[in-house]
Amino acid sequence: MGRRRQRVDPAAGARAGALPEAIAALSRSLPSGPSPEIFRRAKFDRPEAVTLAQRTSALWQLLFRVLSPLPVGNALASLALEAQAHLVKSALCSQGYPRLALAQLPEDGSQGSRELLLALSWLLARGPVPEQMLAQARVPLGDEMTVCQCEALASPGPPAPHMEAEGPVDVRRVQWLMGKLQFRWRQLVSSQQEQCALLSKIHLYTRGCHSDQSLGHLSVTEAEMLRDPEGGQQLLQTLERENQRLEAVLAWRHTELVFWRWMDTVLGTCAPEVPAAASQPTFLPWVPERGGGELELVVRELQALEEELREAVERRRAAWEAKAGGCGRGPEWSAARRASREAVEKELGALQQCWKQDSGPARPHGPHRLVRREDGAAGERDLRAAEVIRTLRSQEACLEAVLRRLQGQCRQELARLVGALPGLIWIPPPGR
Amino acid sequence: MSIVTVQLGQCGNQIGFEVFDALLSDSHSSQGLCSKRENEAYQASCKERFFSEEENGVPIARAVLVDMEPKVINQTLSKAAQSGQWKYGQHACFCQKQGSGNNWAYGYSVHGPRHEESIMSLIRKEVEKCDSFSGFFIIMSMAGGTGSGLGAFVTQNLQDQYPNSLKMNHIIWPYGTGEVIVQNYNSILTLSHLYRSSDALLVHENDAVHKICAKLMNIKQISFSDINQVLAHQLGSVFQPTYSAESSFHYRRNPLGDLMEHLVPHPEFKMLSVRNIPHMSENSLAYSTFTWAGLLKHLRQMLISNAKMEEGIDWHVRPPLSGLPPLGKMSLNKDLHFNTSVANLVILRGKDVQSADVEGFKDPALYTSWLKPVNAFNVWKTQRAFSKYEKSAVLVSNSQFLVKPLDTIVGKAWNMFASKAYIHQYTKFGIEEEDFLDSFTSLEQVVASYCNL
């Protein structure tokens, strides 16, 4: 397993209560983190009946929270423990977690707390997990919107349920459903326009009310806070909780070295594992964003990783071809294959498009606060609405061109199919 | 969310006035059979949708009035102002000094482009006044000159300039024995153009409404005003506020959007008709009581047997037995018996509305094979009674109701076209024979789609 290497701080290890402090900070910094007691005891896999099950399920749930790409409060959060455990296993596997023992753990939460602890540490070593979770759950005080499309492309949403058609589907039903979708879409646009109009009004009417001169006016949350003091109290409490977690994260960063040394001992108590038959991927340590020099290191490592992935994919594909070469050669099979390949190509194309466009002026990602300003002065990190609108319009034009091209291809394909059937007259619908 | 009404031509303006009047007087009615708070929410919702506020508190209709002659518009403006309850905006109307001689082509190719700028600018101002804008409600007749040609032009413009807003055209179907010789030409041109640029066509047939006035309301000398009031009553019972779900306590924010999503998502099936029950004169109302079961039974039979009103319903018509194939494709030569629906929306208002049982409308035999009742049928229930009726039910239906009238009009227009009668009046202003042929094709397609349900 990869390990963080940092300068050894002799003073930290010498303090008696250092480890419990570190674990306590970690526990406070994670959302609904398990108590420090659970962490400590997880090291020992002894089946102490009740407590083992408790701490194992607590750790499964924590891992689920960390690995789930969707924000809290989603329907996924109410899944049963078995389902959560299963998802954790597959997520870890797809990220390249090396220890087989985790994959073999029972999903009912009856044992394996030590393996779960190791998995959690592995995740902590790979990336700034507490900070990421904090960013996910942050309380936005301003009215925000995102300008880049990366998030939309990267997280495709929950997997669509796979439906088998029971028989031939009447095309009129499909048209009906498309029509409903289009109406919903138009209503969404109208609602967004309404929201914009109202936001604009609020920003206009509250000019001069904000204590921060650079902002100048209130956001919806702030105006609501003034209107409803009770709601304001609740907002205050939420912000205080957020502050506490932030402090916990800072404390964790100060004391984590002690934790890592303790984790070495945990790893030591495990039996040595025989590496799996598949290749042993290397693990890239998380590089903190601290300066230009480190970026080259990252780029080189990314290239190495890409090379490695390519080889692994080739090997996998060869193995799969060998296994599946004999079966399913019917027309539905190749049609399904073609369809899925086209879908992947399209998504890749969209990703590349987005990348190409963003490689222009470096625009910061993530949400931006909307501020209305009369004088037109903008700070160095600010984006002007006019520029954003221009970029979005050009992206829209690009996408529309792609849509028209695809529609043309569809029409040609239809005409070709129709031409192949003798005696059929093709009347296209009246064009808009 | 707000709806902007565009009143076109004599017909559109007269009906528009009655609609706003009916909406506002219902919202002020004291016989709502609900709590004061409920009533206030109802009033507020109705106002937000159709009216804007002025400083002195008189609601101003969210409407744009368009006509090529000033007489009707002036009458409409003054009638509204006289009511004292509401009025039209001062600068919300556009009129000229000349008519258009019932010539569709003149309205579409001459008036339209000439006055496009002014009309669209009036509409834009009205839309900008709305905090949240959901769509347009365009009232026009199908057979006249101004309303129909200009209406088709304006709707097309709205499609181009407001592609994300909803558009519902309220169309008046002319009398079968109407006065205008070229009304069938005007009708097919209007319908084919609107089918392309509008989202929903809500149709009222003059013949049907006339019968309602005669038989149900017992009016001896039926004037246009009577007819328009019946129309306004039906429209009011559709568009007044309704709850958004069985158990929620808020009025629906976007009734136009919800209605369209339920009824007209398919591009080939856009024709809607309205049936409401009960409908009677005030004198009779005082002596009548109703049950939901009775009302819904009659409404269901009206749907199935294609009846225009609750009198003279043919009770022999039955839905085909499930499991058996439908009784052949609908043939237009024989009398139409069973009316198959694409989708239906029933809106119930009044006392004990929660106890109303609409299971009869969920029968799969009523609907086409490719849409199940769970998707095809919706019901909206609201406690608050409408306009002095303790219980009222209205059905907005996307079904084969209008196939026969449509086919009749297309047939008559085709006969005229085949002998090239009056075509020169249209080609003079840029509507070529090809445009006529296009219209015939699209409408034949619509008739065929509905027949194949």
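The values are calculated or read from the model by the stated rules, or taken from the named source; none is laboratory data. In this text, all values refer to a predicted model and were calculated from it rather than measured experimentally. Counting neighbours? That spans all protein chains shown, and the Cβs are built from the backbone with ideal geometry, glycine included. Just so you know, the surface numbers come from the protein's heavy atoms only, side chains and all, with ligands and any DNA or RNA stripped out. Shrake-Rupley method; radii C 1.70, N 1.55, O 1.52, S 1.80 Å.
So the values come out like this:
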| quantity | calculated |
| --- | --- |
| Length gained when the stretch B:K362-B:K71 is fully extended (0.36 nm per residue, less Cα-Cα span) | 100.0 nm |
| Accessible carbon and sulfur surface of chain B relative to its total accessible area, %, 1.4 Å | 51 percent |
| Highest-first arrangement of B:177-186, B:69-78, B:393-402, A:237-246, where packing means the average Cβ count within 10 Å | B:393-402, B:177-186, B:69-78, A:237-246 |
| 10 Å Cβ neighbours from other chains, averaged over peptide B:161-167 | 3 |
| Average accessible area per residue (Å²) across region B:1-271 - probe 1.4 Å, nucleic acids and ligands excluded | 36 Å² |
| Pairwise FRET efficiency - A:Q395 versus A:T238, Cβ, R0 = 51 Å, nearest 0.05 | 0.90 |
| Ordering of A:100-107, A:223-230 by burial proxy (mean other Cβ atoms within 10 Å per residue, highest first) | A:100-107, A:223-230 |
| Nitroxide proxy distance, nm - points 7 Å out along Cα→Cβ at A:K323 and A:A335 | 2.7 nm |
| Region B:1-271, relative contact order in percent, only Cα pairs under 8 angstrom and at least six apart counted | 22 percent |
| Global form of region B:1-271, assessed from the alpha-carbon gyration tensor, a/c cut-off 1.5 | rounded |
| Gyration tensor verdict on chain B (Cα atoms; rounded if a/c is under 1.5, prolate if a/b is larger than b/c, oblate otherwise) | oblate |
| Average partner coverage of B:264-276, which counts Cβ from other chains inside 10 Å | 3 |
| Low-density loop cleavage sites - trypsin sites (Lys or Arg not before Pro) in region A:74-147, where at most 15 other Cβ are within 10 Å (DSSP) | A:R138 |
| Using a Förster distance of 35 Å, the FRET efficiency for B:E444-B:R318 (Cβ separation, nearest 0.05) | 0.75 |
| Two-site label geometry, A:R253 and A:E308: point separation in nm, points 7 Å out along Cα→Cβ | 2.7 nm |
| Computed FRET value (nearest 0.05) for B:S225 with A:S191, which takes r as the C-beta separation and R₀ as 45 Å | 0.70 |
| Per-selection Rg to Rh, region B:172-281 - Cα, Kirkwood hydrodynamic radius | 1.03 |
| Listed residues A:E314, B:E390, B:E205, B:E282 arranged by accessible area, highest first, probe 1.4 Å | B:E282, A:E314, B:E390, B:E205 |
| Inter-chain shielding of A:175-183 (mean C-beta neighbours from other protein chains, 10 Å cut-off) | 6 |
| Estimated translational D of region B:402-450 in µm²/s (Stokes, Kirkwood radius over Cα pairs; 37 °C; 0.692 mPa s) | 288 µm²/s |
| Relative contact order [Cα under 8 Å, 6+ residues apart], region B:212-259, whole percent | 20 percent |
| Principal axis dimensions, region B:97-239 - Cα atoms, whole angstrom, descending | 45, 36, 29 |
